[in-house]
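The values are calculated or read from the model by the stated rules, or taken from the named source; none is laboratory data. All values reported here derive from a predicted model rather than from experimental measurement. We place every Cβ from the backbone using ideal geometry, glycine too, and count neighbours over all the protein chains shown. Side chains are part of the model used for accessible areas, which takes the heavy atoms of the whole protein and leaves out ligands, DNA and RNA. Shrake-Rupley method; radii C 1.70, N 1.55, O 1.52, S 1.80 Å.
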Amino acid sequence: YIPVVSGNSAISDGSIEVIVVEQSGSGYNNYTTGSFPLPTDIEIDNNPLYYGLDPSAANVADYYNNCLIKITSGDAINQYRVITDYFITDGRRVAVIDSPFTATVRATDSYEIYPYVIISDTSATSTIPCVARAIVSPLSGNNISRVEVLNSGQGYRTGAATLSPAASVG
């Protein structure tokens, strides 16, 4: 839904506030929650794009590619980034993000990883991109139970929301 209410300062023109799931799919196993285990898992080798995930994360390369990682505790709470690469090296599960967090992330801070919902502006009018993530329900075959809009964007007239999981997810 795109609000068309005029004069409401809480809603930006052409923002996307709600995305309705029409086809929930199944088998979206590429989600996890956890915390950064050690201080050495934060900005690995002083690279602000490399983060070591909890040992419970998947042991399959590329598994979390095209997912969003959202910090759920600590100074960087509610910040999110797109995972552009995921690999395993020496038993460490490493997520590579698209840009550095702007607040400090510390060991034991918690995170959630869910599939990134790609919002396509089919009218080519948006000025600020909408960002959303698909919340997966493990109770129903790992289908998409809802979409959480993290940034409602601005300037949309029409759009489409899709998922693009990595091939390793299946």
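If we only count strands (runs of 3 or more DSSP E) wholly inside segment 45-156, which ones have 2 or more residues that are under 25 Å from Gln23 (Cβ atoms) and open to solvent by 60 Å² or more (accessible area, probe 1.4 Å)?
Values: elements: 50-52, 67-71, 80-89, 92-97, 110-121, 131-137, 143-151.
By residue number, 143-151.
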Subset tally (residues that are farther than 30 Å from Asp109 by Cβ, out of contact with any Ser or Thr (no Cβ under 8 Å at 6 or more places or on another chain) and surrounded by 14 or more Cβ atoms within 10 Å (Cβ to Cβ)) for segment 12-24: 1
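Determine, yes or no, whether Arg106 is without any contact (Cβ under 8 Å) to a residue 60 or more places away in the chain and of a type in the set (Lys, Arg). Before the answer, list the steps.
On the way: without any contact (Cβ under 8 Å) to a residue 60 or more places away in the chain: no; of a type in the set (Lys, Arg): yes.
It is false that Arg106 is without any contact (Cβ under 8 Å) to a residue 60 or more places away in the chain and of a type in the set (Lys, Arg).
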